[in-house]
Structure formats: structure tokens, C-alpha cells
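Every number here is computed from the coordinates shown, using simple stated rules; none is lab data. On a predicted model such as this, the values are computed, not experimentally measured, just so you know. So basically every Cβ, Gly included, is an ideal-geometry build from the backbone, and we count neighbours across all protein chains shown.
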Amino acid sequence: MTQPVSAPARRRGPSLWLVLAPVILTVLLLLSTIPYIMTTPDMADMAAMHDMRAVGGSFRLVDGNNRPVTDRSWPGRWQLIYFGYTHCPASCPTALNSMAEAVDSMGAEGKTVQPLFITVDPARDTPAIVKEYAAQFSPTLVGLTGSDAAVAEAAGRYKIHYRKRDTGSGSYAMDHSSIVYLMRPDGRLGAMIPATDPPPAMAKEIREAMR
Amino acid sequence: VRHALSFAPLLAGLLAATPAVAAPTATGVAVSGAWARATVTDTGGVFLTLSDHGPADELLSADTPIAAKVSFHDMVMRGDVMEMRPLGTVPLASGQMISFSPDGRHIMLESLRQPLRRGTSFPLVLHFRQAGAVTVTVPVEGPGASGPAAGPSTGTAAGPATGAR
């Protein structure tokens, strides 16, 4: 009439949890990594994608006044370069504004940095348009354009990929690599900076590369 | 009555001071924090937040008298390449909040009749399947602004910080 059954029955509850808890925790841990796996590659991955030594080189383009410029047009200065296009509704203004604000915030050090905007849409981005566009962000930001071939050559040297995307009714957007390059005065790559970095982070990366 | 009337200009002023915030419609979609960036070309972006306080809805289309074409796009990074993906419509689940921002989903204005000038504003009509047409006034901020000048509007979540990607 005693009920010895009850003791083992009570024990089964906790022991089941002892087995299940690690399993559940492991599953939760694995699930929690999904956002990291799914997000864009970080700079380490980008560095692997780009061979650091292979990025950069000579370019022959024109500035907003249609004057020829090359990568040697700012001797002794660092160059902060972003490839984009003036019809870009979202990513380019963010990057160019951060570049301009970062350089402005750096005081005397900033004076040794020449920010450059190079269009990947020369068909629409005439010298006059890149000039007006660049001036919106900063008087020091220089906009560059050129022939299709000249732009393709410059983009190629900087490992910038770009492609027209038809948006219907005759208009188009440009898909393009969105990354900020800091080039050393000797023409070597100094740093690759995420184009989405806010101005203080960008200034910090520039300063660190200069050290 | 006289008292009520004397408050009218104040009320009007308060309403005018919050141009980007549209009251929830009958079916409960609130549009808040709308803004655009100044442009030099005929293409621009509009950023805002939708909050569905009612049943599920769907943003079907948008239009504005200042541009020939308005479309929804998502900006997706593939490797280091920023890709523009056209979005057809934007479904809204009940209780869902969706942000349109410079680093992701955004509203693209094409064939602007003239470039967007900082300090001006324009109307944008959003067409929802359930809520119908909702008109918001969109202030134009600086070319490199990352949010509306007045800051995130109250009552709804702020737009995502830039650099989230």
C-alpha cells in the first residue's frame, strides 16, 4: 500500500531537464550566431578579398573644372577616396559626408588629407555635376570624372566593381563597391574604412593609419 | 467659444511644427520622422518610419507632385558591393515597425522636377492597401544629413543609427 513509485517519478523531472538544458542552450547559442553570419563581411574579410598591396595605382581623370588630374596631383598628401555616383540616393551621401566631417575634425592633420570622390557613372556625371555635388559636402572634397575607359581603369586599380541597374522608364542606378580608401602619400594603401562609419570612427582610422 | 478660438492659432502652430508626423489613420498606420536629403541631381531618397498599430497592411506605392517616379528599394551589401534591389510592395504585419533609412530600405524619387533644396519641404502620398492614402510633409535636410533636423520624432522609434551595417 505504500507508494515507492512516487520517488523515481519525481526524480524524472529534474533529470530530464539536466539532459535537455545543455541541448537547448547549445541550440540557442547556435541561433544567436546567425545574425553575425548573415551580416556583411567585416573589414578582415574585405582585406582578404582585396590584396592590400594590389589596391591603388595611377589614374587619369578630370576634376570639376575639366582639368586633367592624376593620382600624383596632390604630392605629399594622403588621399581619402570614395567611388560612387551623384544620383546615389543613400550610401554615397553618407560616406562623403563622413569623409568630409572626419577630415574637418582632424584640424592640422586633416589638412594633409585630400578627400576625393570618383564617379562610376561618367555618362551622367559631367565635370560640372561632380563639382557641384562634391561642393555640397565640403569645399575640400574634389569630384573626379572622365571617359568611360578612364573611369573603368581607375576603378579597376582600386578593385571597385560597378554595374548599371535598370530601374525602369529609362532611368538607372549603379550598384558599386562602397568602401573608403585611405592612400598614403607614396601611393600605397593606408587603410580600408567602412563607408558606413560615422565621422569620428573614420577620423580615428585615418589617425591610426598615419601613426 | 472665444477661448477656444484664441487657442486655434496655437494649435495650428503646434500642428505645423510637427510636419513629418502623420496621425495614425483609421486603420492605424502611423508615418513618422520623414525627411529627405538635398540633391544636385534629379534623384533623391526619402526616409521615414511606418508603424502599424492596426491590422496587417501593405504599402503599395507612393507619389509626389515633385517627381515623376517614386519607388521602393532595398540597399543590400554583397561583399563590398552596394546593390539596389527594387521592392514591389512593402507588407506590414500588425504591430510591425518598418524603417526606411539611408543604409537600407529607402524610397527613391526619380526624375525630380528640380533638385531638392535644403530647407524646403514637399508632400509625399503613401498608398496603403488598408489605410488608403496617407500624406506626409517631407522636410529636405542637408546633403549629408543622417536624420531629420528636429531629431527623431516622439512616440515612434528613432531611425536606425547610420553605420549599423
Quiz item: Do any trypsin sites (Lys or Arg not before Pro) in the range A:62-146 lie in a DSSP loop with no more than 12 other beta carbon atoms within 10 Å, and if so, which?
Solution: A:ARG72, A:LYS111
Quiz item: Under a Cβ-Cβ cut-off of 13 Å, what is the net charge of the residues other than A:ILE206 that fall near it, where Lys and Arg count +1 and Asp and Glu count -1?
Solution: 0
Quiz item: Rounded if a/c is under 1.5, else prolate if a/b beats b/c, else oblate: with a ≥ b ≥ c from the C-alpha gyration tensor eigenvalues square-rooted, which is the range A:116-158?
Solution: oblate
Exercise. In whole angstrom, note down how far apart the Cα centers of the range A:168-198 and the range A:112-137 are.
Key: 13
Self-check item: For the range A:71-162, size of Cβ-based charge dipole, Lys and Arg +1, Asp and Glu -1, in debye
Solution: 180
Quiz item: What is the local net charge at B:ALA149, summed over the other residues whose Cβ is closer than 11 Å to its Cβ (Lys, Arg +1; Asp, Glu -1)?
Solution: 0
Self-check item: Residues whose placed amide H lies under 5 Å from that of A:VAL120, excluding near-sequence neighbours
Solution: A:GLY84, A:TYR85
Quiz item: When only DSSP loop residues count, what GluC sites (Glu not before Pro) in the range A:148-211 have their Cβ near at most 13 other Cβ atoms within 10 Å?
Solution: none
Exercise. For the range A:95-111 and the range B:32-59, write down the distance between their C-alpha centroids in whole Å.
Key: 29
Exercise. Using a cut-off of 13 Å between beta-carbons, work out the net charge of the residues near A:ARG77 (Lys and Arg +1, Asp and Glu -1, A:ARG77 not included).
Key: 0
Quiz item: Considering only DSSP states other than H, G, I, E and B, which trypsin sites (Lys or Arg not before Pro) in the range B:34-79 qualify as loop sites with at most 13 other Cβ atoms within 10 Å?
Solution: none
